[in-house]
Amino acid sequence: MVARIHHIGIAVHSLEAAVRVYGEGLGLVPSPVEEVPAQQVKLVMLPVGESRVELLETTAPEGPVGRFLSSRGEGVHHLALAVEDLEAALAGARRAGLRLIDERPREGAHGTKVAFVHPRSTCGVLLELVEESRGDLGGARGGGVT
Ligand code: ZN
């Protein structure tokens, strides 16, 4: 079951410049930079109520965000939905005929489990399903760790 919008991922050329826009420009408070080698990105999360803006800078031109930036430029990259049980959400999506990029959960940022669903099966939007680790539900504040 989908609980809420977890975050919106935005592909950017420069984290530093983007943090100035979303942090200083809008008063959002950025987390420390985290690198996710599996997805070839560095990212910063900025809490917005129960959700977050996720700024993504590629660490490799051929990575998923690198390819997105070179073909489409900066912009909204994916929509992430928080689910209570990622295995169950994936099974439901599979039954409904959605095209899964990840057949099983993998490591996301900040100790989450994530799986992506192909935009061709979700009206053109890359979807990320996120299950937060226990005891970290909605933990967008303390220590900058979400
Ligand atoms: Zn994301």
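The values are calculated or read from the model by the stated rules, or taken from the named source; none is laboratory data. Model, not experiment: these values are computed from the prediction. Note that each Cβ is placed from the backbone with ideal geometry, even for glycine, and that neighbours are counted across all protein chains shown. When the accessible area is computed, the model is the full protein with side chains, heavy atoms only, and any ligands, DNA or RNA have been set aside. Shrake-Rupley method; radii C 1.70, N 1.55, O 1.52, S 1.80 Å.
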- Just wondering, is there one or more residues in segment 51-66 that are in a loop (DSSP other than H, G, I, E, B), within 14 Å of V114 (Cα to Cα) and not small (G, A, S)? no
- State all residues of segment 103-121 that are open to solvent by 20 Å² or more (accessible area, probe 1.4 Å) and either part of a helix (DSSP H, G or I) or modelled with pLDDT of 90 or more (or both); if no residue qualifies, say none. E103, R104, P105, R106, H110, G111, K113, H118, P119, R120, S121
- Give me the pairs, please: first residue somewhere in segment 84-106 and closer than 20 Å to S133 by Cβ, second residue anywhere and in a helix (DSSP H, G or I), beta-carbon distance under 7 Å, and either six or more positions apart or on two chains. P105/L86; P105/E87; R106/A38
- Residue set A80, A140; condition surrounded by 12 or more Cβ atoms within 10 Å (Cβ to Cβ), assigned to a loop (DSSP other than H, G, I, E, B) and either of a type in the set (A, V, I, L, M, F, W, C) or modelled with pLDDT under 95 (or both); output residue A140
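Criterion first (more than 13 Å from the ligand (Cβ to nearest atom) and farther than 16 Å from A11 by Cβ) does E103 satisfy it?
Yes, satisfied.
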- Would you be able to say whether some residue in segment 1-16 is of a type in the set (V, I, T), under 14 Å from E74 (Cα atoms), open to solvent by 30 Å² or more (accessible area, probe 1.4 Å) and in contact with a Leu (Cβ under 9 Å, 6 or more places away or on another chain)? yes
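Out of E57, E35, E50, I need the residue that is surrounded by fewer than 18 Cβ atoms within 10 Å (Cβ to Cβ) and under 13 Å from the mean Cα position of the chain (by Cα). Which one?
Working: E57 fails: surrounded by fewer than 18 Cβ atoms within 10 Å (Cβ to Cβ); E50 fails: under 13 Å from the mean Cα position of the chain (by Cα).
So the residue among E57, E35, E50 that is surrounded by fewer than 18 Cβ atoms within 10 Å (Cβ to Cβ) and under 13 Å from the mean Cα position of the chain (by Cα) is E35.
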- Message: Among the residues of segment 10-29, are any within 28 Å of A88 (Cα to Cα), within 14 Å of the ligand (Cβ to nearest atom) and assigned to a strand (DSSP E or B)?
- Response: yes
